[in-house]
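J.: Can you keep this structure in mind? I'll have questions shortly.
Computed from the coordinates by the stated procedures, all read-outs in this text should not be read as laboratory data. From a predicted model like this one, the values you see are computed outputs, not experimental measurements. Positions of Cβ are backbone-derived with ideal geometry, glycine not excepted, and every protein chain shown enters the neighbour counts.
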Amino acid sequence: MAVPPSYDGARIDEGGITLEFVRQMMQEFREGKVLHRRYAFAILLQVKALLQQLPTVIDVPVAPGAHLTVCGDVHGQFFDLCNIFDLNGLPSDESPYLFNGDFVDRGSFSVEVVLTLLALKCLYPAGMHLTRGNHETKAMNSLYGFEGEVRAKYNETMVKLFAETFRCLPLGAVLSNAVFVVHGGLFTRDGALRACAAAVRG
Amino acid sequence: MRCGRALLLCVADLRFGRTDVTLDELRALDRFREPPDEGPMCEMLWSDPQPGLGRSPSKRGVGVAFGADVTKAFLQRNGLQLLVRSHEVKEEGFEVMHDGCCVTIFSAPNYCDQMGCAAPLARAGGAHAASTTQKQGRVYPLPERHGASLHLLRRGAAPTCATDALRVAYAEHDVMAYTKLHACQVFQHHLHLRPTVGFTTRASALARSCLLWLVLREARNSVSDRSRVPLLVSLVPKISSSCESRSCRP
């Protein structure tokens, strides 16, 4: 995937994803520039390998006196995400974040939001936690805008790679053995009632 | 005979102690897939808390609505103290339910291009730097036992068009003026439809809001191909007026 000489945006070199790269990428997103497909591809490949290693429910310890910031749906509102980071600081190992799903769809800047979050995950694997929302799925992405946005900004391969990456996201997190974080919620009792109903119908 | 069989099954279920999903079961889920239409993986992504006790069918048609008793039983069974979830728009950006055991956090104040909501963050952990966070917004402490607090940012950033090209496209054709209000109204409408609303009304509301968003999306992605924008813009009042004439409020 050759980068044309005319491309003057952020680049990932041999050093991998660095803080300078993330900052430059975010600044260019604010200006409406698109990250070259080659680097978007690199972020996705790296983060996918990282996410695949994680358990389905991640355990995140929070040391006494330390804190962790949990954010809810961002839904493609890149400028809201910037606002959060402006006020609360960028994620780092000292100032960890958990984004609780629904990064994409509905907002106009879903690609910008999700690439920023995923690049930060590569940069700080222990300082940036991501859980899957109902919009990190193919069914939702094709209806609510993310697929179209990726096709407009990149191509069909990237649509597939995003879907594959989303499939690797953990589904929930437990903070310090005390706080259960999940995008939607809890469960249908799957025992007595349904068995009764089936038996009565039978 | 049928009743007898049913009763036996109930007893068997109780004897095997299968009452609810546990954390260990969730840890063992095979998550590397698209979520199915039912079961724990689906419910983790789709369920919502409800004010009443027990469980009800979800207003979304996927997942389940769960009450305070369900939350407390799940937390207790798994040795946990607090449930934090997202998934629903909240005017203040957050809501504490189920006697302080369930917190909803929504961090997109400009969702649907509406302005002025707060963008909350939940800070979990020990003593947080209250002095610095208060400067930036308001802090809502949760019950002491959780060791967490809600840190409420003052408000989101103003909705911004990323590029001058977008701004020009929006200004020329007034896409946003047409669509913003109507899309928001219709969309919010369908999100807030009461559970008692019939399936047909729900389906048509959903269809219209999807249609509006498709148009919005197409307009957004057509910036490089300006010739398509007027066509898309002409669609918006049609969809909007169809929404007004057939109000979907219950």
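J.: Using only Cα atoms, tell me the angle between helix A:37-52 and the longest principal axis of chain A; keep it within 0 to 90° and round to the nearest 10.
T.: Long axis of A:37-52 versus the principal axis of chain A: about 30 degrees.
J.: Another question, if that's okay. Cα centroids of segment B:47-89 and segment A:57-119: how far apart, whole angstrom?
T.: When both Cα centres are located, 23 Å separates them.
J.: Collect residues whose amide H, placed 1.01 Å from N in the peptide plane, falls under 5 Å from the amide H of A:TYR97; neighbours closer than 5 in sequence don't count.
T.: A:THR69, A:SER92, A:MET128, A:HIS129
J.: Moving on to the next point. Counting only C-alpha contacts under 8 Å and six or more residues apart, can you give the relative contact order of segment A:1-89 as a whole percent?
T.: 23 percent
J.: Now for a separate question. Let me test this: with uniform point scatterers at the alpha carbons of segment A:7-60, what is the Debye-based log₁₀ I(q)/I(0) at q = 0.19 1/Å?
T.: Here log10 of I(q) over I(0) equals -0.72.
J.: A further question follows. A 21 angstrom limit on the alpha carbon distance is what I want to check against. Which of A:LYS48/A:LYS121; A:LYS33/A:LYS138; A:LYS48/A:LYS138; B:LYS59/B:LYS90; A:LYS138/A:LYS160 exceed it?
T.: Too far apart for the 21 Å limit: A:LYS33/A:LYS138.
J.: I would also like to ask the following. From other protein chains only, count the Cβ atoms within 10 Å of every residue's Cβ in A:128-141, then give the mean.
T.: That works out to 3 on average.
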